[in-house]
Amino acid sequence: MSVGPRARVMYGAVLDAEDGAIEVGESSIVCEHAVLRGDVSLGDHVFVGPQSTLLGCRVGRCSYLATGVTVLQEAVVGAGAVVAIGAAVHARAVVAEEFFVPPMTVLVGERVFAPGDPGLPEAIKEVGFAKVAFGVEADWEDRIARYERIAEVRSAQFAAHADDEIVG
């Protein structure tokens, strides 16, 4: 893990590299109760708002991620981009440089979906999220089997840290 000069990680933020690395660039800010997990890279001068979740993603310099934003595995947020309040950037999505993802929307691939858009489930299906995020191959239609396997994978990953030593 590396935290650049003048970067700030606020109270209650969680930075958990798991088997990867977390890089926080120069003068970047990670606000209260944000979670950065897995291989996460923040460029210089990035703002990550309170209660945001970033999982295995890359965020370009001078990007602004507002309160309650989610950025999933293998997503890339281009330099100067804005992900507004409550928006989500799905796995493998690419946010173009200086692009604005509107509040409470979901970006899948390069397309923005409003809540309730009937095309959203199909777009997420095409991403293959269970495979990208957890290495689980399962039929989209068999949610119970898929989520059962995902829970088993995550449980094993978290159990691997049961004997971790807390460094004071």
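When ligands, DNA and RNA are left out and all protein chains stay put, how many square angstrom of accessible area per residue does the chain have with a 1.4 Å probe? Each step should come with its number before you reach the end.
Details: 9190 Å² over 168 residues.
I get 55 Å² per residue for the chain.
Amide H neighbours of Asp44 under 5 Å, at least 5 residues apart or on other chains, H built in the peptide plane: list them.
Glu26, Arg61, Cys62
Can you pull out the trypsin sites (Lys or Arg not before Pro) in the stretch 44-152 that DSSP calls coil and that have at most 15 other Cβ atoms within 10 Å?
Values: sites: Arg58, Arg61, Arg92, Arg111, Lys125, Lys131, Arg143, Arg146, Arg149; in loops: Arg61, Arg92.
Sparse-neighbourhood loop trypsin sites (Lys or Arg not before Pro): none present.
Take Ser41, Ser2, Ser52 and sort them by solvent-accessible surface of the protein heavy atoms, 1.4 Å probe, largest at the top.
Details: Ser41 25, Ser2 55, Ser52 0 Å².
Sorted by accessible area, descending: Ser2, Ser41, Ser52.
To the nearest 20 Debye, how big is the dipole of the chain about its Cα centre, given +1 on the beta carbon of each Lys and Arg and -1 on that of each Asp and Glu?
Details: 13 positive and 24 negative charges, 86 e Å.
Result for the chain is approximately 420 debye, rounded to the nearest 20.
Cα convex hull of the stretch 64-141: mean projected area in nm², to one decimal?
On the way: hull surface 19.5 nm².
One quarter of the hull surface, i.e. the mean projection, equals 4.9 nm².
Can you tell me the dipole magnitude for the stretch 124-168 around its Cα centre, using point charges on the Cβ only (Lys, Arg +1; Asp, Glu -1), in Debye to the nearest 20?
Numbers: 6 positive and 10 negative charges, 39 e Å.
That gives a dipole near 180 debye.
Enumerate the amide H contacts of Ala87 below 5 Å, restricted to partners 5 or more residues apart or on another chain; note that Pro and chain-start residues carry no placed amide H.
The answer is Thr70, Met104, Thr105.
Give, in nm to one decimal, the length gained when the segment between Val153 and Asp139 is fully stretched (0.36 nm per residue of separation minus the Cα-Cα distance). Write out the running numbers ahead of the final one.
On the way: separation 14, 0.36 × 14 = 5.04 nm, distance 1.65 nm.
Extending this stretch completely gives an extra 3.4 nm.
Using just the helices of the chain, give the 222 nm mean residue ellipticity in deg cm²/dmol: DSSP H runs with n ≥ 4 each add -39,500 (n - 2.57), and the total is spread over all residues, rounded to 500. Show your work: numbers first, answer last.
Details: 3 runs with 31 residues, N = 168.
The helix contribution divided over the chain gives -5500 deg cm²/dmol.
Starting at the first residue of the stretch 60-77, write each ³J(HN,Hα) from the Karplus equation 6.51 cos²θ - 1.76 cosθ + 1.60 with θ = phi - 60°, in whole Hz, x for Gly and Pro.
Per-residue couplings from phi come out as x, 4, 6, 8, 10, 10, 6, 4, x, 7, 10, 10, 9, 3, 6, 6, 10, 9 Hz.
Give the accessible area for Phe129 in Å² (nearest 10); use a 1.4 Å probe, count only protein heavy atoms, and leave out ligands, DNA and RNA.
50
Please report the carbon-and-sulfur percent of the accessible area for the stretch 59-168; probe 1.4 Å, protein heavy atoms only, DNA, RNA and ligands left out.
Details: 3630 of 6480 Å².
Looking at the stretch 59-168 in its full context, I get 56 percent from C and S.
Considering only protein heavy atoms, with the full assembly of protein chains and a 1.4 angstrom probe, order Cys62, Cys57 by accessible area, largest first.
On the way: Cys62 60, Cys57 0 Å².
If we order Cys62, Cys57 from most to least accessible, we get Cys62, Cys57.
The values are calculated or read from the model by the stated rules, or taken from the named source; none is laboratory data. Bear in mind the structure is a predicted one, so any value in this text is a computation, not a measurement. Glycine gets a Cβ as well: all are built from the backbone with ideal geometry, and neighbour counts include every protein chain shown. SASA here: full protein model, heavy atoms, side chains in, ligands and nucleic acids out. Shrake-Rupley method; radii C 1.70, N 1.55, O 1.52, S 1.80 Å.
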